[in-house]
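Inspection log for the structure reproduced underneath, given as structure tokens.
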Amino acid sequence: MATLYKRGRSYYLQWTEGGQQFRRSLGPIDRKAAEAIRAEKEAERAGLIRPRSGYTVGAVIAEYLAWAEHDRPASFRKLKSDLGVFSALENYPAEGIDPRHFHAVLVKRGASSATNHKALRILRAAYRRVLPDKPNPAERVPLPKIVLSREPQWFLPHELAALGEREPLWVFMAHTGLRRGEIAKARRSDIHGGMLRVESTAEGRTKSGLWRAVPLSPQALEALSSLGADYLTPYHADTLSDRFRADADALGLAGTLHGLRHTFCTYLAQAGVSAHEIKRLAGHSSLSVTERYMHHAPGYGRDAIAKLSTWASTEIAQASPETL
């Protein structure tokens with residue numbers, strides 16, 4: 001029989017199996033949650049349900065971050081920060097936790113719905129990677145609805161020119177669409193015949209995990225002449241954002257380093273490049289990502305509005321006085 005006892009703020013579960021006694025901390029949970037875990041252990045011992053993994057929420061997060069540090073080094077710090085919101089639940093059983101605890105933590109955080117949406121998606125991904133065959137309680141928490149939607153921030157040509165005077169690297173990034181992690185590992189050996197290869201390697205992967213080739217424009221080639229002889233930039237990916245922010249602030253410009261990538265896609269759309277070609281050059285995972293920039297395409301929506309205007313004028317002209 002499984003029994004419960006409390007020491008301090010934490011409950012403990014104790015049971016005997018194969019003549020050996022076991023004990024597991026359930027963390028600082030309430031009596032009702034502890035009793036639910038005890039009943040589940042009884043059902044498991046009776047063969048009514050499958051045994052659980054024994055992982056805690058903290059162990060799931062720690063194992064996921066260990067994987068991310070190796071396979072996602074460019075985004076590791078951000079992932080660690082996003083998952084940090086769940087640290088108060090680290091001693092709870094990973095599979096036995098009431099999903100409402102996750103929701104309560106997000107509500108208490110008081111962050112935007114977009115921020116909480118991202119944190120919960122990452123927690124779901126951590127469960128899927130660490131416990132792929134086990135129930136995922138994070139999936140039972142509804143994702144916060146994102147109600148804000150804005151145009152991707154980009155820089156006007158004269159703004160980019162001013163940034164380039166301070167640091168040619170910014171022009172190079174705006175004409176190649178490289179992400180922060182991609183430019184941090186880019187080398188001159190990646191350039192052949194005026195083409196920059198952006199590859200997913202052990203040193204650093206692309207976001208989609210796929211490689212791409214980007215032809216270098218005259219502006220990119222001019223900026224390249226001022227960049228490093230081996231690595232194009234000596235700065236770490238995290239440092240790049242701070243350096244860009246300092247230059248942008250000095251010029252009184254809003255926006256972030258990632259805005260240079262938005263600028264690349266925006267300029268391509270303004271030049272009349274197709275969505276499929278922009279997707280390939282930017283390395284987007286799907287056309288739905290690329291479509292965010294297509295309102296910049298020449299003539300976007302104008303034919304539709306012209307047809308609407310013609311139709312409305314015709315309808316009014318044909319309408320009888322009684323219907324007006």
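The values are calculated or read from the model by the stated rules, or taken from the named source; none is laboratory data. Just so it is clear, the model here is predicted, and its values are computed rather than measured. Cβ atoms come from the backbone with ideal geometry, glycine included; neighbour counts cover every protein chain shown. What goes into the accessible areas is simple: the full protein's heavy atoms, side chains included, and nothing from ligands, DNA or RNA. Shrake-Rupley method; radii C 1.70, N 1.55, O 1.52, S 1.80 Å.
What are the pairs, 6+ residues apart or on separate chains, where a residue within the stretch 152-174 that is surrounded by fewer than 22 Cβ atoms within 10 Å (Cβ to Cβ) has its Cβ under 7 Å from a residue that is not in a helix (DSSP H, G or I)? Taking only residues 6 or more apart or on different chains, the pairs are GLN153/GLY255; GLU159/LEU253; ALA162/LEU251; PRO168/SER226; PRO168/LEU227.
Only a single item in (1) of a type outside the set (A, V, I, L, M); (2) modelled with pLDDT under 95; (3) crowded, with 22+ Cβ neighbours inside 10 Å; (4) in contact with a Leu (Cβ under 7 Å, 6 or more places away or on another chain) is not met by GLU182, and it is number (4). Taking the criterion of being closer than 25 Å to ASP133 by Cα and out of contact with any strand residue (DSSP E or B) (no Cβ under 7 Å at 6 or more places or on another chain), the residues of the stretch 1-34 that qualify are GLU17, ALA33. Selection of the stretch 140-153 for residues being in contact with a helix residue (DSSP H, G or I) (Cβ under 6 Å, 6 or more places away or on another chain) and closer than 21 Å to TYR127 by Cβ yields ARG140, VAL141, LEU143, PRO144. The set of residues in the stretch 227-255 being open to solvent by 80 Å² or more (accessible area, probe 1.4 Å) and either part of a helix (DSSP H, G or I) or polar (S, T, N, Q) (or both) consists of ASP242, ARG243, ASP249.
Using the structure shown, decide if THR263 is of a type in the set (Val, Ile, Thr), open to solvent by less than 80 Å² (accessible area, probe 1.4 Å), modelled with pLDDT under 95 and within 20 Å of the chain's Cα centre (by Cα). Against the criterion (of a type in the set (Val, Ile, Thr), open to solvent by less than 80 Å² (accessible area, probe 1.4 Å), modelled with pLDDT under 95 and within 20 Å of the chain's Cα centre (by Cα)), THR263 does not qualify.
Filtering the stretch 1-39 to residues that are open to solvent by less than 40 Å² (accessible area, probe 1.4 Å) and more than 20 Å from GLU90 (Cβ to Cβ) leaves ALA2, LEU4, TRP15.
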